[in-house]
Amino acid sequence: MSAEGPRRAMTPAAVRARKGGEPLVCLTAYTTPMARIVDAHADVILVGDSLGMVVHGLPSTLGVTLEMMVLHGRAVMRAAPKALVVVDLPFGAYEAGPAQAFAAAARVMGETGCAAVKLEGGVAMAETIGFLVARGVPVMAHVGLMPQQVNAVGGYRVQGRGADAERVLADARAAAEAGAFAVVLEKVAEPLARRITEAVAVPTIGIGASAACDGQILVVDDMLGIFTAFRPSFVRRYAELGAAAEAAVAAYAADVRARAFPGPEHVFPDA
Ligand code: KIV
């Protein structure tokens, strides 16, 4: 199967070079229409494994497969000529060791045409990050709250409180020093986010991690009000598309029941 889409304007090196500069605009996307909208405004599009929950209705990201990531990665690549597209490596596809991670990354990059992958972990993944980077796989790391570890850590709590701050800082440092071109920081409080951003040489991209980061990322279905099963406290809703869709479907159902459907000679004023 071949890679999708034209060459990107943004590259991992260009993202890396934004350290301390203009904030990086990052958002997830999982489909072609959403990628088209996001690409016009974002530096980075993440095909996140959050798709398991927000698109496929799974209870966590743990059931996401490499096949799902490839399918959605290909859909996004068809409509994202500008942004750097990064595809998540799903749980179970990379943790066994560097060789497994390389096989997964090579498949994702080869079959989607994306230019980088993301994986969760810092200290524990440093060897794997170095192995991938040395073999031509740009890596975005993800530390702090790591949703793939939900069973091990017992939930989606704020990370790095008290003495635990040193663990999160060590993870970010290890990922950056191993060669990651950027580090996602999830759910850490502002003082720690600031410390990490000052300590690492690559951009930090925050999600629920305050403004003290080099960029921000959100799950697009959260910020558009499409995914409503739960709402992380840090998510600002920029639209209520879920409610708008529900009202539209209800109006359609009412029209059908009222036999209010015109023939081809009718022209709607807004058509
Ligand atoms: O899977 C995802 O969408 C992510 C972001 C929340 C950073 O990892």
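A few notes on this one:
- Which listed residue, of Asp171, Asp214, is open to solvent by less than 60 Å² (accessible area, probe 1.4 Å), more than 26 Å from Met53 (Cβ to Cβ) and within 16 Å of the ligand (Cβ to nearest atom): Asp214
- Unique match (being more than 15 Å from the ligand (Cβ to nearest atom), assigned by TED's automatic domain parsing to the domain that holds Ile45, modelled with pLDDT of 95 or more and within 21 Å of Tyr30 (Cα to Cα)) among Gly179, Gly208, Gly225: Gly225
- Number of positions in segment 241-265 that are in a loop (DSSP other than H, G, I, E, B) and open to solvent by less than 90 Å² (accessible area, probe 1.4 Å): 4
- Positions within segment 79-121 being in a loop (DSSP other than H, G, I, E, B) and in contact with a Gly (Cβ under 6 Å, 6 or more places away or on another chain), in sequence order: Gly113, Cys114
- If you go through segment 130-156 and pick out every residue that is touching a Phe, Trp or Tyr at 6+ places or on another chain (Cβ under 8 Å) and surrounded by fewer than 16 Cβ atoms within 10 Å (Cβ to Cβ), you end up with 1.
- Where Arg36 falls short, out of the listed (1) within 16 Å of the chain's Cα centre (by Cα); (2) within 14 Å of the ligand (Cβ to nearest atom); (3) open to solvent by 10 Å² or more (accessible area, probe 1.4 Å): (2)
- Within segment 60-73, at least one residue is surrounded by 19 or more Cβ atoms within 10 Å (Cβ to Cβ), among the hydroxyl-bearing types (Ser, Thr, Tyr) and either in the same structural domain as Ala134 (by TED's automatic domain parsing) or within 20 Å of Gln149 (Cα to Cα) (or both).
- Within segment 92-107, the only residue that satisfies the criterion of being under 15 Å from Gln149 (Cα atoms), open to solvent by less than 60 Å² (accessible area, probe 1.4 Å) and among the hydrophobic types (A, V, I, L, M, F, W, C) is Ala93.
The values are calculated or read from the model by the stated rules, or taken from the named source; none is laboratory data. Predicted, not measured: the structure shown is a model, and the values here were computed from it. A quick note on method: Cβ atoms are made from the backbone with ideal geometry, for glycine too, and the neighbour counts reach across all protein chains shown. Remember, those area values only see protein heavy atoms, side chains included, never the ligands or the DNA or RNA. Shrake-Rupley method; radii C 1.70, N 1.55, O 1.52, S 1.80 Å.
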